[in-house]
Each structure stands twice: as C-alpha cells, then as structure tokens.
Amino acid sequence: MKDDIRFIRARQRWSAGNRRRNTILTLIAVGLLCGALFLAGRFADEYHIRILNMVAIYITLAVSYNLINGITGQFSLEPNAFVALGAYSASLMTMTPLEKEMNFIIDPCVPWLAHVCVPFLPAIIIGGLTAAIFALLMGFPVFRVRGDYLAIVTLGFGEVIRVVANNMQTVTNGPLGLKGIAMYTDLRWTWGLALLTLFVIVRLVNSSYGRALKAIRENELAAESMGINSFRHKLLAFTLAAFFEGMAGAMLAHLITTISPMLFTFFLTFNLLIIIVLGGLGSLTGSVIAAIAFTWGSELLRAVEEPTNVFGWFTIPGIPGMRMVIFAVILIAAMLFWREGIMGRKEFSWQWFLGLFSGKHKGAKSI
C-alpha cells in the first residue's frame, strides 16, 4: 500500500515537472517568435511583411476550421461566410462617417451605421461576435443533418451570405464593396490573434470537452450512448470556430483595405480545405505547417510565370497560369505520399522534439 502511494506521488511529481518544463519551453519559443517578428517589422520590406501577415491570418483560419472539420469530424463548408461577416462588420465599425459617405454613392448607408465609428480592437471583437451569432443561429437547423447533407447546407449558407452582401446596397455597398478601409493590421495584430487562437483551441482540445468532440468524430451514436450531448458540443465548437474566423476576416479587411462580395467566394473555403487536409484532419500542428507552406509556397511559385534567363544562354518565357498547374501537381504528390496529411492526427510535443537531440526519439503525440 505504501509502495503504491509512493509510486503515485512520484508519478505526480514527474508529471508536474514535465508541465513546468513544457511551459518554460513554450514561453521561450513564443519569445523567439516575437523577437523574429520584431526584426522582420524593422528590416523586412513591405512585400515580405504582407506575406507574414497573410501566413498568420491563414493559421488562424486553418486552426479554427480544423476544430469543426478535423477535431469534431463535421464536414462543413462555411468559412467564407464567417470571414465575410467579420470583414464587413469590422470595416463598417472602423470607417468614419465621411468615409462611408464617400463609399455609398448609389444609396446612402443606413442611419444606424452611418455615424458609428469605433477603435480597431472593439471592431475586431464585433466582427468575431457577429460571425459567432450567425453561427449559433445557423447551427440549430444545420446540425439536425449529418454527413454530405451538412456539407451542402453549409455550402449554401456561404453562398447566401455572399449574395446578400452583393444586394444589400445600404449596408454593404453591394457589388462596389468597401474601399479606403484603414490599414490597422500589422504583425502584432495578426500574430497575436494566431497565438491566441492556438492557445484557446489547444487548451480546448486537451480538455474533457475536447475529448468529447473526438468521441463524436469517431462514433457519434456511441458518444451519445455514453451521455455526451452531441448537438450541444457540435454547436459550441461551430460557434467558437466562427468567432475566430470572423476575427480573421476583420484582420484581412484591414490588411488589404478593400473588400467586395467576390472576395468571399467558395474559393476561400476551398483553399482552407486544402490546408487542413494537407496538414492532417484533426492535427492543429499540421494546420499550422500547411498554412505556412500554402501561403509562402503560393508566392514563391509566382516566379514560374515570369520570364527566366538560363545561364545567359536563352530565356524561358513566363507562362500565365503555370503556378497553379505546378501547385496542383505538388498537392497530388503530397496526397499520394501523405494520405493522412503531413501530420495525420499527431501533434507536436516537446518530449518528441527533445528526443531528436537525446537519441530517445518517440513518435509525436496523436490526438
């Protein structure tokens, strides 16, 4: 009996020591990232800073999208709708009355929006809350269906939001969109949001609530038989994902400074679907890796569409559209060699990372 107690206490001390070590290493990694971003902001050119901002926005979108598609196992095709809601809501909040008057040249802006102007941080939160409220209202009828029917319904919702934005002239300025949005987004905002999203969703996934979501993913009927309210869990995961997607949409709008309904087509959702499948459905680490590779790789491949001089002997003319052809070939190769994505359902762990240097290599933690 005493031996058992000593073993349990030793196990608890070992676990507490591991948690402290992991916390310290995580803080060091975050500090190094912040230092690298500070140097990038000081010395990098505008083009590379724009790419770094887009990387962070795509990390936020991919991680939040993977919460509902990969962790919970619900095939949803709605991110473009929530990104649009967040982008329009935040933009209308930060634009001054004069800027709105200059944008709404066909029909004036509705009176309850015409004179509203708030700082950037409240506008971001309003963008996220707007998307979350719509997700909550949408979730009640949507999660009455499953599988392919769920995908069709959420896809339709995305198109509905785009069409409404195209026709609500007095609120969204219709097909003309919103121009002259203040460029508030910078590396501090985008990467701060990305780190916040990762922190919240990682803590959620590693909690009892996250284990319930994984149980729903594996077998929803079995999860319900064990007392898990699958509808409530799916609805809350859907709402939380929408909140972060809306905030990412607000960041995007204040980065590119011009938005229109055509920016939020299904192509945006399709790109995010590629990212989470390539990284691994159910792996937040994979979503981060794939988001970085997708965003940065898309920019690097632009070189193939420009004329290239080979050793000064001859010039290869640029071929418009070749970037997407090469990108498609890379995706096909990735799907052939990594059928479950880069990470599958595994996650990064400090134990695995330190094992690479100590020779005691163990596989990454699977979720």
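The values are calculated or read from the model by the stated rules, or taken from the named source; none is laboratory data. Since the model is a prediction, treat every value here as computed from it, not as a measurement. Because the Cβ atoms are built from the backbone with ideal geometry, glycine has one as well, and the counts that use them run over all protein chains shown.
Observations, loosely collected:
- Residue within the stretch 139-157 that is of a type in the set (S, T, N, Q), within 14 Å of Gln74 (Cα to Cα) and touching a residue at least 60 places away in the same chain (Cβ under 8 Å) present: yes
- Any pair with Cβ under 8 angstrom, 6 or more apart, that starts in the stretch 221-248 at a residue that is at negative phi and part of a loop (DSSP other than H, G, I, E, B) and ends at one that is of a type in the set (A, V, I, L, M) and surrounded by 15 or more Cβ atoms within 10 Å (Cβ to Cβ): Met226/Ala215; Ile228/Ala212; Ile228/Ala215; Ile228/Ile216
- Candidate set: the stretch 42-84, residues that are outside any helix (DSSP H, G or I) and charged (D, E, K, R); chosen: the one nearest to Gly158 (Cα to Cα): Glu78
The rows are residues; the columns are (1) exposed (fewer than 13 other Cβ atoms within 10 Å of the Cβ); (2) at pLDDT 95 or above; (3) in a helix (DSSP H, G or I); (4) touching a helix residue (DSSP H, G or I) at 6+ places or on another chain (Cβ under 6 Å).
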position	(1), (2), (3), (4)
Leu92	no, no, yes, yes
Glu101	no, no, yes, no
Pro108	yes, no, no, no
Leu113	no, no, yes, yes
Val116	no, no, no, no
Leu129	no, yes, yes, no
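- Condition met for Val200 (surrounded by fewer than 18 Cβ atoms within 10 Å (Cβ to Cβ) and either within 24 Å of Asn80 (Cβ to Cβ) or in contact with a Pro (Cβ under 6 Å, 6 or more places away or on another chain) (or both)): yes
- Filter result (among the aliphatic types (A, V, I, L, M), crowded, with 21+ Cβ neighbours inside 10 Å and closer than 13 Å to Phe120 by Cα) within the stretch 165-195: Ile181
- Test result for Gly280, within 18 Å of the chain's Cα centre (by Cα), modelled with pLDDT of 90 or more and surrounded by 17 or more Cβ atoms within 10 Å (Cβ to Cβ): no
- Among the conditions (1) under 18 Å from Ser260 (Cα atoms); (2) in contact with a helix residue (DSSP H, G or I) (Cβ under 7 Å, 6 or more places away or on another chain), the only one that Val164 does not satisfy is (2).
- For the stretch 226-243, the set of residues classified as of a type in the set (D, E, K, R) and either surrounded by fewer than 23 Cβ atoms within 10 Å (Cβ to Cβ) or farther than 17 Å from Ala131 by Cβ (or both) consists of Arg232 only.
- Any pair with Cβ under 6 angstrom, 6 or more apart, that starts in the stretch 347-358 at a residue that is touching a residue at least 60 places away in the same chain (Cβ under 8 Å) and ends at one that is in a helix (DSSP H, G or I) and not basic (Lys, Arg): Glu347/Thr285; Phe348/Thr285; Trp350/Asn22; Trp350/Leu25
- Candidates Thr269, Thr285: the one that is at pLDDT 80 or above, of a type in the set (Val, Ile, Thr) and in contact with a strand residue (DSSP E or B) (Cβ under 6 Å, 6 or more places away or on another chain) is Thr285.
- Of all residues in the stretch 36-50, those that are out of contact with any Asp or Glu (no Cβ under 9 Å at 6 or more places or on another chain), among the small types (Gly, Ala, Ser) and either touching a residue at least 40 places away in the same chain (Cβ under 8 Å) or closer than 11 Å to Trp191 by Cβ (or both) total 2.
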